[in-house]
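Everything below concerns the one structure shown next.
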Amino acid sequence: FLLISMAVISQLLRSGMQYGSTVASVHLQTRVQGDMYSRVFRQIMRLSYGQISRYKIGDLTTYLNQVASVFAVIGQTNLILENFLVSAVYICALFWLSWPTTLLALGTLIIFSSFLKGIIERVRGIAKKYIKSTILLNERMIDYLQGQRIVRTFAREDYAVEKVGSALAGSMGGIRRANIWRAVVSPIMQSLTIIGVALLVIAGYVILGTEGRSAVPRLLIFIFVLYRLMPLINTINTCRVNLISSMPEVNRVSSFMRTDDKEYMVDGGQPFTGLRQGIEFQHVSLQYARGGKSEAVKDLSFTILKGSMTALVGESGSGKTTVADLLMRLYDPTQGKILVDGADLRNLNQGQWRDHIGVVSQDTFLFSTSIRENIAFGKLDTTEEEIIAAARTAHAHEFIINLDEGYDTVVGNRGYRLSGGECQRIAIARAILRNPELLILDEATSNLDSHSERIIQQAIDNLRSERTVLIIAHRLSTVAMADQIVVLEKGKVVEQGSHTELLSRGGTYFRLWQLQSRGDPENTNDSVQCTPS
């Protein structure tokens, strides 16, 4: 009875220590896992736009989800080591009791192990407790991943990391609680098993009395040790399978975190406080793919004077949007220079430069939050009065206050609850809120009906005073009042001048004007979504 009591007590102590160890491990693991998530997301935010645009959104999301596999490997390796050491002790005890029987038992265990596919899930329902926090985390991550252009245009990389970190803290708390509750199952089952086996041995000893006293205890101990060994063998086999299945994901995450084979945006150290004279493109060329044969733009040379409106026109694929991307430093020229008041744009502080730029593009992106938050993304330290003033200037206040929840209206994924014109007006309000010196309008009205275009054109006219404007447009009627029109064709500048001057030359601009003057059909559907198909 003394030996049996000692066995029960030792198992209870072991179970308690195992549970305490598991709780400590869970706290450490979730902390490290959260840090790894942040590192992967920060890696995405720090890569150059050209580098990150080569990845699909699904791939980037998978990288983040696969972080869990790294810690699954750590956990599985620890389990294998722990169970292997305990199993070695049990096997030595079995050989000491009866080596022929041990060989037979091990042979049977090996045969049984070959059919094992994993340990039955006993706490599957626990995962539901942290679904909400995980969904919130994924929504924010996908939002900022899909909105890379907007995040970088407004220099909000650090803000995005902070917002994701906040949601991540809630998700990690849910995972921590789930794992702690899951850890209760193993020590309880082990304790109940040893108590049950002990009772059976005691009952057998009382019933058998003195008959076969020399053989029965040895047999019972052998069965008991073997019974304790079997779950350990099963666990080792299951962990081995999980470890092998997790390694490809671990290798993939490890490859993504490498820095020697990726491009990072180099931030210049020269402060930028404001535009004084203008921007000059000096023989600028850009080739998206290294070693590629084609160039998006080639040998561009023109000047954008401070306070002027410059328009870029040309057929699709002529390089108009590429010019805007170069100005925002989403890409750096492969040849030539962009000079800002005589200084190379690459040498300027990137965040300070982008803080002076406001952008409204054809592909308007709205985050799946309220209208207020979408407008405030342009300036984080803003007030309610400034948000409303920006909305009024963009002719958005009128339709916003008519919504059921006003500025608190959640626009849905990519703003699907709003029409194209409404999305564009919110985007303009977001740009206005920054009070930008340089305003870039990239096909801001190309997918809108005539009514919405007129409203947005009025909003744009309100922004022209005391600002430098670069407007990219397919409809030439929207750029006729520009101080300078730059005509692009196959990535090259073919004409420059005012509307009147270019018409008088009878060149490419004149030909485009004549084509549009014949009366292209206009889009009359104001239900177009924020992201055109």
- line: Summed over the other residues with a beta carbon less than 11 angstrom from that of L438, with K and R at +1 and D and E at -1, the charge totals +2
- request: Within 10 Å, count the other beta carbons around each residue, average over each peptide in 164-170, 498-504, and list them highest first.
  value: 164-170, 498-504
query: Accessible area of K298, 1.4 Å probe, to the nearest 10 Å²?
result: 90 Å²
statement: Interchain or sequence-distant (5+) residues whose placed amide H lies within less than 5 Å of the amide H of Q362 are D442
- prompt: Using the per-residue mean of other Cβ atoms lying within 10 Å as a proxy for protection, in what order, highest first, do the peptides 144-156, 77-89, 381-393 fall?
  reply: 144-156, 381-393, 77-89
- prompt: Tell me, what are the semi-axes, in whole angstrom and largest first, of the equivalent ellipsoid of segment 298-430 as set by the roots of 5 times the Cα gyration tensor eigenvalues?
  reply: 32, 17, 13
query: Looking at this model, which pairs from K298/K337; K306/K337; K262/K492; K320/K492 are more than 21 angstrom apart at the alpha-carbon?
result: K262/K492
task: Give the ranking of V469, V494 by solvent-accessible surface, highest area first, calculated with a 1.4 Å probe.
output: V494, V469
task: Pop the C-beta distance of D261 and V410 into the FRET formula with R0 = 45 Å and round what comes out to the nearest 0.05.
output: 0.65
message: For a quick check of understanding: with a 1.4 angstrom probe and all protein chains in place, what accessible area in square angstrom does V67 have, to the nearest ten?
response: 0 Å²
query: Given the protein chains as shown and a 1.4 Å probe, how many square angstrom of Y288 are accessible, to the nearest 10?
result: 100 Å²
Cα-projected label distance for N435 with T334, points at 7 Å along beta-carbon direction, nm: 4.1 nm
P(r) histogram, all alpha-carbon pairs of segment 313-389 included - 10 Å bins from 0, percent: 14, 37, 30, 17, 1
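The values are calculated or read from the model by the stated rules, or taken from the named source; none is laboratory data. Treat the numbers as computed from the prediction; the structure is a model and nothing was measured. All Cβ positions, glycine included, derive from the backbone under ideal geometry; neighbour counts span all protein chains shown. Areas reflect the complete protein model, heavy atoms only, side chains present, ligands, DNA and RNA absent. Shrake-Rupley method; radii C 1.70, N 1.55, O 1.52, S 1.80 Å.
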